[in-house]
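Student: Handing you this structure, nothing more for now.
Bear in mind that the values in this text are calculations on the coordinates, not laboratory data. Given the structure is predicted, the values throughout are model-derived calculations rather than measurements. As a convention, Cβ positions derive from the backbone with ideal geometry for all residues, glycine included, and neighbour counts pool all protein chains shown.
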Amino acid sequence: MVEINLEHIYKKYSGNDKYSVSDFNLHAKDGEFIFFIGPSGCGKSTILRMIAGLEEITKGEFKMDGKVMNEAAPKDRGIAMVFQNYALYPHMTVFDNMAFGLNIRKNDKADTKRRVEEAATILGLNDFLQRKPAALSGGQRQRVALGRAIVREANLFLLDEPLSNLDAKLRVNMRTEIAKLHQRLGTNMIYVTHDQIEAMTMADRIVIMDVGKVQQIGTPFELYNKPKNKFVAGFIGSPAMNFFPGKLVGNQFINDDGVAVVVPEGQLKVLADKGYADKPLTMGIRPEDIHAEQVALDTFADAIIDANIQVSELLGADSMLYSRTGKVDFIAQVDARDYHKPGDNIKLALEMSKAHYFDNETDLTIL
Amino acid sequence: MHKTSKWLLGIVGLLIGLVWLFPFYLILVNSFKTPKGIFASVLRFPDPATTANYGDSFRALNFLGSLTNSLIITVAGVLLIIFASSMGAYALQRNHSKLSGGILMLFISAMLIPFQSVMIPLTAMFGKVHMLNMVGLVIMYLGFQCSLSIFLYQGTLNSIPMAMDEAAEIEGATKWQTFFKVIFPMLSPITVTVAILNIIAIWNDYLLPSLVLPQSQYTIPLQMFNFFGEYTKQWHLALAGLALSILPVILFYLFAQRYIIKGVTDGAVK
């Protein structure tokens, strides 16, 4: 168990004039499960590799339990890492793969055997210990990679997109297993992924990144409900939040695409206080906060927009209406009973109490 | 149609196989003949057959002595080449600097230099430092054969992900341990290829040993030349000697066959 501090971390690769990571700060408490998410190339794996000691830190300090670890060799950091392609040694049995780190450190043979068998029991690998990785399925290989980390009894687990090579069903299973594993071991874990569902379901806190910079750090709930800026609002949630550019006129949010909806009083007051009356801004609303059922149309009668259905998807319980109003495309996630055919012109109600507002220049959240 | 073409293919294959095997047939058949028998007909089966050639050749070649010399030179040379070129290729492949790229190109371009153009100055140099012996020869082989071996190793290393090294590094392995416990075992298919190529080249080599080795350290191919005097050629002994000298290579091939075929098919199916 360990406390981790990353203070003003910068990374610049040689031959590159821009920083790949800039001013990254994170304090991870004991036993926390932290997720790094963001689009490809946002620097999330780079930070993980800097924590592991596989990449040099250009500027800033990385501390474990208050001790600066920038120069410490990977093996002296007390970390275990699970790689995207598992990095299992193909010529060794599952047992030897899991025991490798302990054997290298000349650990007592009997103790190594006990630890490998314990980890194998946790992961259900007991019957496969004498097999080579080539004779295992994808999910089993993933388990061996996890086992290798467990056996080490490391203070910090680093997982670099560990589930991205698995098929969808297996991924859901392994997600639960990793979450269980974290509860059982209580070890700090840092997990890099571009799959926000993994992050939302397992994380204590999520670090969301874009172009080498932290956009927001918070619990899944905070990121979803109180995004700091338009990027976070658009990245978290599937399908993504809809954005409508426009401005406040009187008590309404209006734009040239024919959107004219009444803004609730509380929101209106805050926006006016911050000087956004008559000023261009962007309104954001999540697909699930747009409704098509009659009772909602009656309830939110002052927040109705006309929409033309472009594509509709029936997902079982819900249906996704890919719609257009004026020149703006947006998605509504409605009850499956409110399914509409492409080409239909319908009315949709926006649940404005759930709306978010963003500054057009800074993209920061106003409300 | 399908069946006919299969048959045709089989027959063509058989014919090609026979062409390949024909020299072996000549060696084997004639090694059991008397000199007279050879000159009577090269192709015919031995009549009368004699095994005396083998005994005579064995003694004339000082077979045990020259076999030992051949074995020492081949084994030492091949082990050294595998050891040096696998590590060299690993260093060059994993280190992405411009210098490594340059060195690799240098190795590859060295393959183009014909041996004959450097053999005289090379032997002169080794002579100056009193290295015209087995040790000198092994060092020369290391130099000559490394380029191709590094090239082969480098190609295979390209397909081994860096994550392997990094996983081992995080688990506490030193660079040496990473190489010998993780990377080198993964290179075994190409190691077998490198070994075979070099064993064949060194075992059969005549020219370089003839320039370097003193008579006491003669290898089998050098001894063989004793059968070809200026005025007489003792074919019956030479062919028996050849059959004897091919034997170790064939034994090695039978032993390594499993790995050679594995090397060809490994990685074909993921």
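Student: Among B:10, B:240, B:226, whose Cα sits farthest toward the positive end of the charge dipole of chain B (+1 at Cβ of Lys/Arg, -1 at Cβ of Asp/Glu, about the Cα centre)?
Tutor: B:10
Student: For a quick check: with amide H placed at 1.01 Å from N, whose amide H comes under 5 Å from residue A:209's, ignoring anything fewer than 5 positions away on the same chain?
Tutor: For residue A:209, whose amide H was placed from the backbone, the distant partners under 5 Å are A:37, A:38, A:215.
Student: Here is a follow-up. Which ³J(HN,Hα) values in Hz, rounded to whole numbers, follow from the phi angles of the stretch B:56-73 under the Karplus curve 6.51 cos²θ - 1.76 cosθ + 1.60, where θ = phi - 60° and Gly and Pro get x?
Tutor: Karplus-based 3J(HN,Hα) across the stretch B:56-73 equals 4, 5, 3, 6, 5, 6, 6, 3, 4, x, 6, 5, 4, 4, 4, 5, 4, 5 Hz.
Student: Let me check I have the definition right: for the stretch A:243-359, take the eigenvalues of the Cα gyration tensor, multiply each by 5, take square roots. What are those semi-axes in whole Å, largest first?
Tutor: Values: eigenvalues 135, 39, 26 Å².
Rounded to whole Å, the semi-axes are 26, 14, 11.
Student: To the nearest whole number, what is the average tally of beta carbon atoms from other chains within 10 Å of the beta carbons of peptide A:81-92?
Tutor: That average works out to 5.
Student: Dipole of the stretch A:276-367, Cα-centred, from +1 at each Lys and Arg C-beta and -1 at each Asp and Glu C-beta, to the nearest 20 debye?
Tutor: The dipole magnitude comes to about 200 debye.
Student: Looking at the square roots a ≥ b ≥ c of the eigenvalues of the Cα gyration tensor of the stretch A:4-235, which shape do they give, rounded for a/c under 1.5, prolate if a/b is larger than b/c, or oblate?
Tutor: Because a/c hits 1.5 or more and a/b exceeds b/c, the stretch A:4-235 counts as prolate.
Student: From the residues A:253, B:40, A:218, which one has its Cα farthest along the dipole of the protein assembly as shown in the positive direction, the dipole being from +1 and -1 charges on Cβ of Lys/Arg and Asp/Glu about the Cα centre?
Tutor: Positive-most Cα among the choices belongs to B:40.
Student: Then there's this: Which entries in the list A:132/A:180; A:67/A:213; A:75/A:106; A:269/A:347; A:18/A:228; A:11/A:63 go over 18 Å, if you measure between the two C-alpha atoms of each?
Tutor: A:132/A:180; A:67/A:213; A:269/A:347; A:18/A:228
Student: Check residue A:2: other-chain or 5+ apart residues with amide H under 5 Å from its amide H, H built from backbone geometry?
Tutor: Hits under the 5 Å cutoff: A:31, A:188.
Student: Assuming R0 = 41 Å, can you tell me the calculated FRET efficiency for the pair residue B:14 and residue A:85, based on Cβ-Cβ distance, to the nearest 0.05?
Tutor: Efficiency computed from Cβ-Cβ geometry: 0.35.
Student: Given labels modelled 7 Å from the Cα in the Cβ direction, how far is it in nm from residue B:112 to residue A:135?
Tutor: 4.9 nm
Student: Calculate one ³J(HN,Hα) per residue across the stretch A:88-95 by plugging θ = phi - 60° into the Karplus curve 6.51 cos²θ - 1.76 cosθ + 1.60, and present them in order as whole Hz with x for glycine and proline.
Tutor: 7, 7, x, 8, 10, 6, 4, 4
Student: Looking only at GluC sites (Glu not before Pro) in DSSP loops with at most 15 other Cβ atoms within 10 Å, what is the longest site-free stretch of chain A?
Tutor: A:154-292
Student: Still on this structure, please answer the following. Starting from the exponent 0.38 and prefactor 2.2 Å, build the expected Rg for the stretch B:96-166 from its residue count and divide its actual Cα Rg by it.
Tutor: On the way: Rg = 16.0 Å, N = 71, 2.2 N^0.38 = 11.1 Å.
Against the empirical 2.2 N^0.38 Å value, I get 1.44 for the stretch B:96-166.
Student: Within the stretch A:15-84, which chymotrypsin sites (Phe, Trp or Tyr not before Pro) sit in a loop by DSSP and count at most 12 neighbouring Cβ atoms inside 10 Å?
Tutor: Of the chymotrypsin sites (Phe, Trp or Tyr not before Pro), not one in the loops of the stretch A:15-84 has a Cβ with at most 12 other Cβ atoms within 10 Å.
Student: Separate question: Report, in debye and to the nearest 20, how large the dipole of the protein assembly as shown comes out about its Cα centre when Lys and Arg carry +1 and Asp and Glu carry -1 on their Cβ.
Tutor: I would put it at about 3020 debye.
Student: For chain B, what does the helix formula give at 222 nm: sum of -39500 (n - 2.57) over DSSP H segments with n ≥ 4, over the residue count, nearest 500 deg cm²/dmol?
Tutor: Mean residue ellipticity, 222 nm, calculated: -24500 deg cm²/dmol.
Student: Let me ask something additional. Tell me which of A:136, A:124, A:149 sits at the most positive position along the dipole axis of the stretch A:117-169, charges placed on C-beta atoms (Lys, Arg +1; Asp, Glu -1).
Tutor: The listed residue farthest towards the positive side: A:136.
Student: Which value in nm describes the separation of the simple spin-label points at residue A:118 and residue A:40, placed 7 Å from the Cα toward the beta carbon?
Tutor: 4.1 nm
Student: Considering amide H positions built from the backbone, and no H for Pro or chain starts, which residues 5 or more places from residue A:69, or on another chain, come under 5 Å of its amide H?
Tutor: Amide H neighbours of residue A:69: A:62, A:63, A:64.
Student: Excluding residue A:246 itself, calculate the net charge of residues whose Cβ lies under 11 Å from the Cβ of residue A:246, where each Lys or Arg counts +1 and each Asp or Glu counts -1.
Tutor: That sum, taken over residues with Cβ under 11 Å, equals 0.
Student: For the residue pair residue A:12 and residue A:59, what label-to-label distance in nm results when each label sits 7 Å from Cα along the Cα-to-beta-carbon direction?
Tutor: 0.7 nm
Student: Just checking the output field for B:171-178: average partner chain Cβ neighbours within 10 Å of each residue's Cβ? All intermediate terms of the calculation are to be shown ahead of the outcome.
Tutor: Details: counts 15, 12, 7, 3, 0, 0, 3, 1.
Neighbouring Cβ atoms belonging to other protein chains average 5 per residue here.
Student: Nearest 5 percent is fine: what portion of the DSSP beta bridges confined to chain A is antiparallel?
Tutor: Bridges in chain A are about 75 percent antiparallel.
Student: Within 10 Å, count the other beta carbons around each residue, average over each peptide in B:59-68, A:140-149, and list them highest first.
Tutor: Working: B:59-68: 16.4, A:140-149: 24.6.
So the peptides B:59-68, A:140-149, ranked by packing, come out A:140-149, B:59-68.
Student: Enumerate the lysines that residue A:226 could reach by cross-link, defined here as Cα to Cα under 17 Å, with residues fewer than 8 away along the same chain left out.
Tutor: Straight-line reach from residue A:226, under 17 Å: A:354.
Student: Within straight cross-link reach of residue A:274, meaning Cα distance under 17 Å, which aspartates and glutamates are found once same-chain residues fewer than 8 apart are removed?
Tutor: Those aspartates and glutamates meeting the cut-off are A:265, A:359, A:361, A:363.
Student: Let me check against my output: what whole-number percent is the relative contact order of the stretch A:249-367, with C-alpha pairs under 8 Å and at least 6 apart?
Tutor: Across the stretch A:249-367, relative contact order equals 31 percent.
Student: Shifting gears a bit: Kindly write out, for the stretch B:120-128 in residue order, the coupling ³J(HN,Hα) from the Karplus curve 6.51 cos²θ - 1.76 cosθ + 1.60 (θ = phi - 60°), rounded to whole Hz, with x marking Gly and Pro.
Tutor: 5, x, 4, 5, 4, 5, 5, x, 4
Student: Okay, moving on. Mean residue ellipticity at 222 nm from the helices of chain A, using -39,500 (n - 2.57) per DSSP H segment of n ≥ 4 over the full residue count, to the nearest 500 deg cm²/dmol?
Tutor: -8000 deg cm²/dmol
Student: Among B:16, B:27, B:190, which one moves the most in a GNM of chain B with springs linking Cα atoms closer than 10 Å?
Tutor: For chain B, modelled as a Gaussian network with Cα springs under 10 Å, the answer is B:16.
Student: Let me ask you something else. Hey, any idea what the orientation-averaged projected area of the convex hull of the stretch B:63-265's Cα atoms comes to, in nm²?
Tutor: Orientation-averaged projected area of the Cα hull: 14.1 nm².
Student: Please give the length that would be gained between residue A:110 and residue A:294 if that part of the chain were fully extended, namely 0.36 nm times their separation in residues minus their C-alpha to C-alpha distance (nm, one decimal). The partial results should precede the final answer.
Tutor: On the way: separation 184, 0.36 × 184 = 66.24 nm, distance 6.94 nm.
Answer, rounded to one decimal: 59.3 nm.
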